[in-house]
1. Of the residues B:126, B:93, which is hydroxyl-bearing (Ser, Thr, Tyr) and exposed (fewer than 15 other Cβ atoms within 10 Å of the Cβ)?
2. For the range A:84-92, does any single residue satisfy the condition of being surrounded by fewer than 17 Cβ atoms within 10 Å (Cβ to Cβ), modelled with pLDDT of 90 or more, among the aliphatic types (A, V, I, L, M) and out of contact with any Leu (no Cβ under 8 Å at 6 or more places or on another chain)?
3. Does the range B:106-142 hold any residues that are β-branched (Val, Ile, Thr), closer than 19 Å to residue B:221 by Cβ and more than 9 Å from every other protein chain (Cβ to nearest Cβ), and which are they?
4. Residue C:169: within 30 Å of residue A:125 (Cβ to Cβ) and surrounded by fewer than 17 Cβ atoms within 10 Å (Cβ to Cβ), yes or no?
5. With the structure loaded, tell me whether residue B:282 is at the interface with chain C (Cβ under 8 Å from one of its Cβ atoms) and surrounded by fewer than 19 Cβ atoms within 10 Å (Cβ to Cβ) or whether it fails that test.
6. Looking at B:78, B:54, B:128 in this structure, which one is of a type in the set (A, V, I, L, M) and within 19 Å of the chain's Cα centre (by Cα)?
7. Given the criteria buried (at least 17 other Cβ atoms within 10 Å of the Cβ), within 28 Å of residue B:253 (Cβ to Cβ) and away from chain C (no Cβ under 14 Å), does residue B:145 qualify?
8. Looking at the range C:197-212, which of the residues that are part of a helix (DSSP H, G or I) and at the interface with chain A (Cβ under 7 Å from one of its Cβ atoms) is surrounded by the fewest Cβ atoms within 10 Å (Cβ to Cβ)?
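The values are calculated or read from the model by the stated rules, or taken from the named source; none is laboratory data. Bear in mind the structure is a predicted one, so any value in this text is a computation, not a measurement. In this analysis, Cβ positions are derived from the backbone assuming ideal geometry, glycine residues included, and neighbour counts consider all displayed protein chains.
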Amino acid sequence: MSKIILTAHNLNKSFGAVTAASEINVDVAEGSCIGLIGTNGAGKTTFVNMITGYLKPDTGVITFNGVDITSLPPRKITQLGICRSFQIPQLYNTMTALENLEVSFGIIALQESKGALTTSSKAIIPSYGKTIRELALESIEKYGLLQYKDQATKILPGGVRKVLDIAMAMSTRPKILFLDEPTSGVSAEEKFDMMDMIMQVIRDAGTTVLFVEHDMEVVMRYSQRVLAFYEGKIIADDHPDIALKDDRVLKYIVGHSQAQHVLAEKSDA
Amino acid sequence: MSNLLIVLIDGINYAAWLFISAVGLTLIYGVMRVLNVAHASFYAFGCYVAVTLAGFWFSHNYPPHLSFFALFGASFVAGFIVGWILERFLLRYQYAKDEVVILLITYAVFLILDDVLKLIWGVDPYYASDPYELLGNFSVGEMIYPNYYLLMVGAALILGLGLTYMLKMTRSGKLLVSVIHDREISSAMGINVGRFFSLTFSFGCALAAIAGGITTPTISVVPGLGVDVIVLSFAVVVTGGLGSLPGTALAAIIMGVVRSFCVHYVPQLELFVIFSVMALVLVFRPRGLFSLAEARKI
Amino acid sequence: MKLDKSLVVMLGLLVAIFAASPWIPQWILFIITLAGANGLVVLGLMLFMRLGLVSFGQALFFCAGAYTTGMLSLLLKVSDIILLMVASGIIAGLLAYLLGFLLAKYRAIFFGLLSLAFSMILYGVLVKSETLGSTDGFTVNGLTILGLVPDPTQMKIVLFGITIIVVMASLLFVNMVLKSPRGLLLTAIRDNEIRAEYMGASAKSTIHLIYVIAGVLSGFGGAIAAMVSGHIDPNMTFWTTSGEFVFIAILGGIGSVSAPFIGALIFGVIQTIAYGYSPNTWQMTIGICLIAVILVLPDGLWSLMAKMRKNSRV
């Protein structure tokens, strides 16, 4: 039985008359891979935003490895080991792909040297054992970005921007990674190649991953557990095979025909 | 408590002046997101036009009581025309640039216009106190005040209420509010954003000029008088919230009254009290008293 | 620490000018010294611009440095240049440290305008201060160095030398900061602050740090300006002075640590020529130059040099 590393206990969040989260209770086991599904406005992104520090829940407690992270700002949560990618890739647009990664590892270098002014870009980052540039190039290769490394991110195609966004999040070697709609905007042919590659890297690193997704095939193929959101509540929390047969999930989120298609695909595969 | 009344009357008068001089700035920013440093030059331009016309008017013995219309009208028209030219031939091509860059461009224009005014009118001071004296005085208790105070307050009220009416009640006003909120969507809806920009900028400059014109009878017109005005206008507009008309009014009143208190009781603090109010407000409300809403980023 | 070619050239140039100083006419020494002083302030502005911020009130720290020098000299009879310089840097830095807690929370145009407000608050305070001569300010004289009392001509050369040393040290220091991971972080914060925060960086702390560095540099600049011109007045913190610094920053561009000083030198030359030719149109000259640079060379004159070098290599 895996260790529980993240617990969200009794989270509630409202924006005026809109309830974005209601009585959310979730335990996340180390090494698991969880899909978060739900219609737009169901509360998936609010959930992610609360855990990663962008929003503060009205009530409730979030604990990570025994530490209460409920009121911490995003950067402290990142430093503790929870990182996220974004639905719309958040990149440093005037810099190249390589530089984007250099900044990411550079931030870690600064943290390890306690922000000393004399920190050198050429020095080895103690806990990573390599220099910033070496780590950045390593990431470029790992994520298949070699041909884009010296191009300004402004001009990169959407799928590449998504991968870079995720690569940057992974640079912090997070214990838990949240992916916000990793395949949205990515073409059908590229979708699975991209997810195969990313999930492999994540698995090799031993990172626990939760991803928000609308594409049920992606959810089916990569998750071992599904959390279904509806009107701020979690209406199903189970293995995808079971969750995607749940009445309410079918009624509010997936739809019979899509579920059948996805389940059939899986049993064929 | 006649002391209090004295302070209040002076305060309201100064507040009226602050409002009149700042309102053009906030209007232009609200609609176009342009912080027009050249506002100072238009104010000065309005002063010079008014003072020149006053000299002409009174030396030709035209009816003195019509001088106000002539002075203010001339300032307004002159400011409108020059503002229109500036927008049409320079500013129009810069809207895609960053807010701060546009600000630097208007700063450059201010530097240029300030010297142009010197070239045209020279460096000697001009006076036009006739309209001021014309109106006589009124008294409150033992204190005598110039009726020009009333004109100033009246002008501020007309300006404030007039603009508010225009924005809320007229069709063009409502279209303008739409442009203020989102120029891209307004454009997609068929609103001629370019024409609104042109008119707003010209109008804003005209307001700066008429503010100058209204102030002229109370001061001596010398080179560089825009320099002090612009920082005060900035302070009022930023404190009130960039682009907010009620904000500018409220900020003007607060600053006018606070400054008046300082002048009467602690004269040493006078000059910096306005900026202290601005700094204080920004500490508690980083975007000013009333601010335009901001969209979610992620 | 590897140095760019342009930085090496710049440092070499400074050493050369220093060596030649006894033979350089006084008025040229004056312009270069003042350019050094202004350049130090603009070096700080350049760091802000990398962060995507423009300080419209940097003259506050320039003036704080100048008045520290003046007041220590006038009231406490401190006359050693080095002591005055160090004290000015420390006081300006301290002021920046305190104000930085507030200013680091603001972005874009509000950062600029709030810093403007504080510089005008100082103006208001100084203008009303009788002991400090209100609008007239006061003069600084009787300067010494390490116990020696040189005559005025020699003193100018000594000041020049000190300025060169401070400029060189600042160039090396800022270069180190920019080449460190922090340098790239500045641009990252400018491009996408939210992302930088999500990667574990603190935009607020970074901005605060830069604010202090810029403050210290500006303090040094103010001290030098006070000592070389001999005169200190509240105008040093007036918004038009901040405007001049911003103009120099735009003129030079942010491409290199040397750019602020090149820009300051060019500004000094333009100012001297234009003011001498026609005192009533030199503002216009600056205005036209500013628009020209923004429209034609948005990355400043430095980008022109970079382009020329690129073309010559083909």
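1. Just a single option satisfies the conditions, and that option is B:93.
2. Yes, because at least one residue in the range A:84-92 is surrounded by fewer than 17 Cβ atoms within 10 Å (Cβ to Cβ), modelled with pLDDT of 90 or more, among the aliphatic types (A, V, I, L, M) and out of contact with any Leu (no Cβ under 8 Å at 6 or more places or on another chain).
3. The answer is B:120, and nothing else.
4. Yes.
5. Here the answer is no, as residue B:282 does not meet what is asked.
6. Just a single option satisfies the conditions, and that option is B:78.
7. On the way: buried (at least 17 other Cβ atoms within 10 Å of the Cβ): no; within 28 Å of residue B:253 (Cβ to Cβ): yes; away from chain C (no Cβ under 14 Å): yes.
It is false that residue B:145 is buried (at least 17 other Cβ atoms within 10 Å of the Cβ), within 28 Å of residue B:253 (Cβ to Cβ) and away from chain C (no Cβ under 14 Å).
8. Applying the first criterion (part of a helix (DSSP H, G or I)) to the range C:197-212 yields C:197-198, C:203-212.
Narrowing further to those that are at the interface with chain A (Cβ under 7 Å from one of its Cβ atoms): C:197-198.
Numbers: C:197: 21, C:198: 26.
It comes out as C:197.
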